[in-house]
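Below is one structure; the comments refer to it alone.
The values are calculated or read from the model by the stated rules, or taken from the named source; none is laboratory data. None of the values given here were measured: they were computed from a predicted structure. Positions of Cβ are backbone-derived with ideal geometry, glycine not excepted, and every protein chain shown enters the neighbour counts. Heads up: the accessible areas ignore ligands, DNA and RNA and are worked out on the full protein's heavy atoms, side chains in. Shrake-Rupley method; radii C 1.70, N 1.55, O 1.52, S 1.80 Å.
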Amino acid sequence: MSQNEAIKMETPQMSQPNESENILLIKGLHKRYNEGKSNEVHALRGIDLEVKKGAMMAIMGPSGCGKTTLLNMIGHLDQNSGGEIHISTIDANKLSDGKMTAFRRDNIGFIFQLFNLFPFLSAVENVETPLLLKGYNSGVAREQAKMLLRDLGMGDRLYHNPLELSGGQQQRVAVARALITDPAIILGDEPTGDLDSTTSAEVMTLFRRINKLNNQTFVLVTHNRWIAEKCDYIVHMIDGKISNVEMGPFEEDK
Ligand SMILES: Nc1ncnc2c1ncn2[C@@H]1O[C@H](COP(=O)(O)OP(=O)(O)OP(=O)(O)O)[C@@H](O)[C@H]1O
Ligand SMILES: [Mg+2]
């Protein structure tokens, strides 16, 4: 995706680690909701995790075990209650709020199950929004959004609103919006959750293609074993802890 290279030139990004380096390092991570109150929930109970740059990792586990909480912590959408999260060499806990927002915007892409597309904006407007928020010239932002959507096979749907698109097409818009700023890490919470199996397979093929092309790192929460096996390894969680890690490859034709 050549436009990503162009974006990279204009955006202060974190230092690019070597292939073998960890892009994400988590040590002793805890999260308590409603801390100190009678309804306190100890959602993460000491998570240690290393993710290498360019890896595709799946997180699986029963409902309520803390998967979304962990993803939110990695994305720094919420404060943790103890432990460390380093993205590349940056300890995001030490950033000011303003710098944190910019860091998150520039380095992390989010794909949520419900896509969170703006319903009254067209596909291309949804995708260009992160660039406009970064202060890009509107003509440049529009061109890059169009290029990426075309690259994702959405060239004939640029000006449709989300409600005029199928689930798989909306998903591609959400993927484009997450990728347009060329984030080092892409976080997905059930990113194929509502899609039929054919579209889910298309989305996973797309993720793998992007992963190979740009060496971007994916962390995907899923309940679906078949989806998880498209990743390089699977982290299993139970009751706020990692219970085991299965290393792939799970398939021969990846
Ligand atoms: N904002 C919150 N306030 C209080 N408790 C919360 C909050 N968010 C999550 N929890 C609790 O934290 C625990 C972990 O929730 P989390 O959403 O991370 O689970 P999950 O593994 O993503 O589950 P699912 O597979 O159902 O999405 C649960 O017991 C949940 O009830
Ligand atoms: Mg969840």
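Things to note:
- Centre separation in Å (Cα based) which lies between the stretch 190-213 and the stretch 117-157: 20 Å
- In the context of the full set of protein chains, residues of the chain present 46 Å² of accessible surface per residue (probe radius 1.4 Å, heavy atoms only).
- GluC sites (Glu not before Pro) lying in DSSP loop within the stretch 19-64, provided at most 16 other Cβ fall within 10 Å: E19, E21, E35, E40
- Apportionment of accessible area to carbon and sulfur, the stretch 2-247, percent (1.4 Å): 51 percent
- Computed [θ] at 222 nm, deg cm²/dmol, the chain (DSSP H ≥ 4; -39,500 (n - 2.57); rounded to nearest 500): -10500 deg cm²/dmol
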